[in-house]
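Read the structure below first, then the notes.
What follows is calculated from the coordinates using simple rules that are stated; it is not laboratory data. Computed from a predicted structure; not experimentally measured. Don't worry about glycine lacking a Cβ; one is built from the backbone with ideal geometry, like all the others, and counts go over all protein chains shown.
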Amino acid sequence: MLYDVIIIGGSYAGLAAALPLARARRQLLVIDAGQRRNRFAEHSHGFLTQDGSRAADIAAVARAQILAYDTVQWLDARATGARPTEEGFAIDIEGGATRRAKRLILASGVVDTLPDVPGLPQRWGRQVFHCPYCHGYELQQGRIGVLATSELAMHQALLLPDWGPTTLLLNGCFTPDAQQLAQLQARGVQIEAGAVREIAGHADAVLADGRVLAFDGLFTAPRSSVESPVARALGCEMAEGPMGVVLQTDALKATSVAHVFACGDAARFGGSVPLAVGDGTMAGLAAHRSLVFAAH
């Protein structure tokens, strides 16, 4: 079968991309490997009408609504590669048959590389976060730590005092200059220069000298990367920024490869559910319009 569109990634961006295509009665296949980026967080915040809902429930309801359209099919699998064809694209599936489509939307998300600090991975998405807008309010003005991974930690440290008294844990990553020190002081941010040995307890930073700084929550900036064999196989251009690498797209979510679109965390720096949904909607609309106007 030749689908109108194949969407690789069935999380928030991919599901949002599917909806306008399904409503246009286009033949659509969603291929999903089942690894939502926010799978470690129990609840999602900041998404209008869904603030505080279980993250998994938002995705499950969206999937059920998409699959109610009879032109949509779903495949629980991993896409391992792709190549152009005369009709569009052929997508290789791990352990399965090749699927073909006229258009392709990449919504496969990113992989986060966390700071190499013992105890941090077990608390990721629960007591350790990356987005203050997603998780800051729930700390109820409690004590907040920012674990630096680079000078980018300044951004989080200057934002977070609106959510609680904040301490910047430099952890040997950088030394603030005079201007940065003045900015931190103006925002009331405390500075801890000592190395962090591990994260223990609820969200306690255990320093190399044995001191323990107790926090209600910690924030840090992981390095993200697009681990998409499909994007690599097709030669999609990447954009590098301070937080990692994403797929380069234009305002309509088109990649550097004709008829390939990308959306969600894989195609923007900084991630949240509402941003992913908006991105996906635009990608779905753009893919549909490319099908319509390419025919004339």
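Just a few scattered comments:
- Fewest-first ranking of PHE47, PHE215, PHE129, PHE261, using other Cβ atoms within 10 Å as the exposure measure: PHE47, PHE129, PHE215, PHE261
- Ellipticity estimate at 222 nm from DSSP helix runs (n ≥ 4, -39,500 (n - 2.57)) divided over the chain, nearest 500: -7500 deg cm²/dmol
- Per the chain, cysteines lacking a partner by the 4.7 Å Cβ criterion: CYS173, CYS236, CYS263
- The peptide list 278-289, 48-59, 197-208, put in order of mean Cβ contacts within 10 Å with the highest first, becomes 278-289, 197-208, 48-59.
- In the range 177-296, the DSSP beta bridges split such that about 90 percent are antiparallel, to the nearest 5.
- Taking every full run of DSSP H in the chain, the ones that stretch at least 20 Å from end to end by Cα along their long axis and average -1.0 or higher on the Kyte-Doolittle scale are 273-294.
- Choice from GLN73, GLN179, GLN141 showing the highest fluctuation, given a GNM over the chain with Cα pairs closer than 10 Å: GLN179
- Expressed to the nearest 5 percent, the antiparallel share of DSSP beta bridges inside the range 1-148 is 35 percent.
- Remark: the GLU227-ALA90 segment gains 47.4 nm on full extension, using 0.36 nm per residue and subtracting the alpha carbon distance.
- The H on the amide N of GLY244, modeled in the peptide plane, is under 5 Å from the matching H of SER224, each at least 5 residues off or on a different chain.
- Taking amide H atoms as placed 1.01 Å from N in the peptide plane, the amide H of SER53 lies under 5 Å from those of SER44, each 5 or more residues away in sequence or on another chain.
- Look at where the Cα atoms of the range 9-32 and of the range 151-220 average out, and the two centres are 41 Å apart.
- For the chain, DSSP calls about 40 percent of its internal beta bridges antiparallel.
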